[in-house]
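The values are calculated or read from the model by the stated rules, or taken from the named source; none is laboratory data. This is a predicted model, so every value here is computed, not measured. So basically every Cβ, Gly included, is an ideal-geometry build from the backbone, and we count neighbours across all protein chains shown.
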Amino acid sequence: VFWFMGEDDVRHEKLDIEEKLAEELTSYDNYKRAVYYMDKCVNDSAFKYYNLACKDSNKFAFYNLGMMYYHGKVVKKDLVKSFQYVKRGAELNDSVSQYWLSMCYLHGIGTDTNLIESDYWLNLSKISGLIYGGL
């Protein structure tokens, strides 16, 4: 007995394989895949892989998800979620997240204005290696 896979069966099998592969990838692999999809303007796939990288605490993925929420790419614009993702990246010592978090506190983006927190994160971004932080 021969069984031939229809086009829909092949498509579903391919998606199942991709999902299993994504679960086995490291956070860095998922992050690289997300960046690849962002470069190709496949934002929904980028969003998916940034989320997977965040599950493994990839600090760069947190920043990028924060920016997706800030700009409303793929997801509805949400400044509070943007702030939360950027803050997590900053807490994981990403200097760009730290700088952006300082701007959130300075301008009240997704949070209340707090000049003390803004100054703290701006200086920390400089200590963490961001060249223009703390100027």
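Table: residues versus (1) of a type outside the set (Gly, Ala, Ser); (2) touching a Pro at 6+ places or on another chain (Cβ under 7 Å); (3) modelled with pLDDT under 95.
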| site | (1), (2), (3) |
| --- | --- |
| 67 | yes, no, no |
| 70 | yes, no, no |
| 81 | yes, no, no |
| 92 | yes, no, no |
| 106 | yes, no, no |
| 110 | no, no, no |
| 132 | yes, no, yes |
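Kindly indicate which of 42, 86 is buried (at least 21 other Cβ atoms within 10 Å of the Cβ) and either touching a Cys at 6+ places or on another chain (Cβ under 7 Å) or aliphatic (A, V, I, L, M) (or both).
Numbers: 42 fails: buried (at least 21 other Cβ atoms within 10 Å of the Cβ).
On inspection, the qualifying residue turns out to be 86.
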Would you be able to say whether some residue in the stretch 75-95 is of a type in the set (S, T, N, Q) and within 18 Å of residue 128 (Cα to Cα)? yes
So, first residue of a type in the set (Phe, Trp, Tyr) in the stretch 57-85, second residue surrounded by fewer than 17 Cβ atoms within 10 Å (Cβ to Cβ) and modelled with pLDDT under 95, Cβ within less than 8 Å, six or more apart or across chains; the pairs are 69/75
